[in-house]
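J.: Quick one: this structure, given as structure tokens, is what I'll be asking you about.
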Amino acid sequence: MAIRIDAHQHFWNYNADDYGWIGGDMEILKKNYLPEDLLPLLQSNCMNGTIAVQARQTLEETRWLLDLANENPFIKGVVGWVDLSSPNVVEQLTQFCGDPAFVGVRHVVQDEPDLRFMLRREFLRGIEALREFKLTYDILIFPEHLPVAYEMVKKFPQQLFVVDHIAKPAIRDYQFSPWDEHIRLLASCPNVFCKISGMVTEADWNNWQYSDFEPYLDTILEAFGVDRIMIGSDWPVCTVSAPYDKVMQIVFLYIGKLTEFEQNKILGENGLTFYQIDH
């Protein structure tokens, strides 16, 4: 039986200081979200496991997520945070690399004021260090960052990258270009994957329809193919717009036209391959 993996979700113990990005229109997120909250949702959607992704830029959170993974076997991997721009990045990576659950790193580039942050010498040095540790990198950006992301990944053809949330196109405004052209260019790099995740938060939270996502999903499927895309819920962030089941149903319905073999890739196998997780 094929293994199905939610390739993108978060955990947190909520407090206003650490999660200042959770605004007044996100009251539903202002509470704890922990493994025991997610497990029944995974089970009811026939998902076997998950990848927990950082939500705070601290080494402490990375450590905590790894502890959760060691306590909860359904957490198959952790995408943590280290300061990739630090001269001590190798030492920081060494702290965690002994834990097999540590599979990748992410930085919240979308919040950096410098549009070309990913091309800074210090940051590039950090990306280069990931290869030595056999770690992946999650690219969290807005559409305006896509040309810079392309410049970055071209420098590291042996490094595995994945674009989170299809690079957050403005679905609520039905804006397609230049996201379409730029995501296709990034997809031309064979070392770049894409997560079909985070779409409902870029749509009209209260009035979206399944058809709103179809043109974006068409582009992603055409650009990356069935071997380089993976499903992710972005739970609990997604709950500002829709519950877990409804979010996952967007992808389940869309890929229904594909063969069972192709669906299994998107629903699990690609995530396991990308994050180098043993089946």
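The values are calculated or read from the model by the stated rules, or taken from the named source; none is laboratory data. Keep in mind that this is a model prediction, so the values were computed, not measured. Note that we place each Cβ from the backbone using ideal geometry, even for glycine, and neighbour counts take in every protein chain shown.
J.: Residues being aliphatic (A, V, I, L, M) and farther than 20 Å from Pro157 by Cβ: count how many of those fall in the range 110-135.
T.: Just the residues of the range 110-135 that are aliphatic (A, V, I, L, M), to begin with: 115, 118-119, 124, 127, 129-130, 135.
Checking the rest, the ones that are also farther than 20 Å from Pro157 by Cβ come to 115.
Number satisfying all stated conditions: 1.
J.: From the list Phe252, Phe274, Phe261, which one is farther than 21 Å from Ile51 by Cα and among the aromatic types (Phe, Trp, Tyr)?
T.: It is Phe261.
J.: Of the residues in the range 257-279, how many are touching a helix residue (DSSP H, G or I) at 6+ places or on another chain (Cβ under 8 Å) and closer than 22 Å to Asp218 by Cβ?
T.: Count: 5.
J.: Report yes if Thr136 is modelled with pLDDT of 95 or more, exposed (fewer than 15 other Cβ atoms within 10 Å of the Cβ) and either closer than 18 Å to Ile51 by Cβ or β-branched (Val, Ile, Thr) (or both), otherwise no.
T.: Judged against the criteria, Thr136 is not a match.
J.: Quick check: anything in the range 53-74 at pLDDT 95 or above, closer than 25 Å to Ile229 by Cα and among the acidic types (Asp, Glu)?
T.: No, the range 53-74 has no match at all.
J.: Additional query: For Thr50, which of the numbered conditions (1) hydroxyl-bearing (Ser, Thr, Tyr); (2) assigned to a loop (DSSP other than H, G, I, E, B); (3) touching an Asp or Glu at 6+ places or on another chain (Cβ under 6 Å) fails to hold?
T.: Failed condition: (2).
J.: Looking at Ile166, Ile171, can you tell me which residue is buried (at least 17 other Cβ atoms within 10 Å of the Cβ), at pLDDT 95 or above and either within 15 Å of Ala7 (Cβ to Cβ) or in contact with a strand residue (DSSP E or B) (Cβ under 9 Å, 6 or more places away or on another chain) (or both)?
T.: Ile166
J.: So which of Thr94, Thr136 ends up being under 29 Å from Ile3 (Cβ atoms) and polar (S, T, N, Q)?
T.: Numbers: Thr94 fails: under 29 Å from Ile3 (Cβ atoms).
So the residue among Thr94, Thr136 that is under 29 Å from Ile3 (Cβ atoms) and polar (S, T, N, Q) is Thr136.
J.: Restrict the check to the range 17-28 and report whether at least one residue is modelled with pLDDT of 95 or more, among the β-branched types (Val, Ile, Thr) and within 18 Å of the chain's Cα centre (by Cα).
T.: For the range 17-28, residues modelled with pLDDT of 95 or more, among the β-branched types (Val, Ile, Thr) and within 18 Å of the chain's Cα centre (by Cα): absent.
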